[in-house]
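Visitor: If you scroll down you'll find the structure; I have some questions about it.
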Amino acid sequence: MAVSFDPQVCQHAAECVRGLPSVFDTARRPWVTPDAAEPGVVAEVVRRCPTGALRYRLADGGTEAPERPTSVRRTPDGRLLLRGELRVTDSEGAVRETPRAMLCGCGRSAGQPYCDRSGACGAAEGGAAEGGAAEGGRPPVADR
């Protein structure tokens, strides 16, 4: 099994670290060691990542099947969490195909259309991650 990480869309919801610290350990390099747990367990934790920053490929070539039908959920703090067969075009015209994405609901993110928590919806106090955990104190991307 291989796990890939896209730091450009990661917003440090920490679902991976909380879900499987033996595999996802930001104090270790490399910080992702997919062989430290069963592939099915690693895949389940990767699917918790609301942004789609983490992806997996199984040894047989299988990847995450997108949810059907596609779902969109607005969080209490305004972020848009999408799951499904997605094709997201960023402000520079780059297209990213992904089964999960966290998009900006307030229109103020510097990384449009992705939520980077720089606008009103990201600045909301007490915002909760998918799964209900608070997301304060996120380390910078370089530390992941």
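Visitor: Could you check the simple spin-label distance between Arg18 and Arg74, using points 7 Å along Cα→Cβ, in nm with one decimal?
Guide: Between Arg18 and Arg74, the simple spin-label model gives 2.4 nm.
Visitor: Something else: Please compute one quarter of the surface area of the Cα convex hull for the range 1-128 and express it in square nanometres. Show your work: numbers first, answer last.
Guide: On the way: hull surface 32.8 nm².
With the hull built on Cα positions only, its mean projection is 8.2 nm².
Visitor: Could you order peptides 94-102, 53-61 by the average number of other Cβ atoms within 10 Å of their residues, highest first?
Guide: Working: 94-102: 17.2, 53-61: 15.2.
Order by mean packing, descending: 94-102, 53-61.
Visitor: Let me ask something else. Sketch the reach of a paramagnetic label on Glu85 as a point 7 Å from Cα along Cα-to-Cβ, and name the residues of the range 38-79 whose backbone nitrogen lies under 11 Å away.
Guide: 66-70
Visitor: How far apart, in nm, are the 7 Å Cα→Cβ label points at Arg96 and Asp6?
Guide: The two pseudo-label positions are separated by 0.4 nm.
Visitor: At a Förster distance of 25 Å, what's the computed FRET efficiency of Thr33 paired with Glu67, Cβ-Cβ distance as r, to 0.05? Walk me through the numbers before you get to the answer.
Guide: Working: r = 27 Å, r/R0 = 1.09.
Result of the calculation: an efficiency of 0.40.
None of the figures in this text is laboratory data; all of them are computed from the coordinates on show. Since we're looking at a predicted model, the values are computed, not measured. Methodologically, a virtual Cβ is constructed for each residue, glycine included, from the backbone with ideal geometry; neighbour enumeration extends over all protein chains shown.
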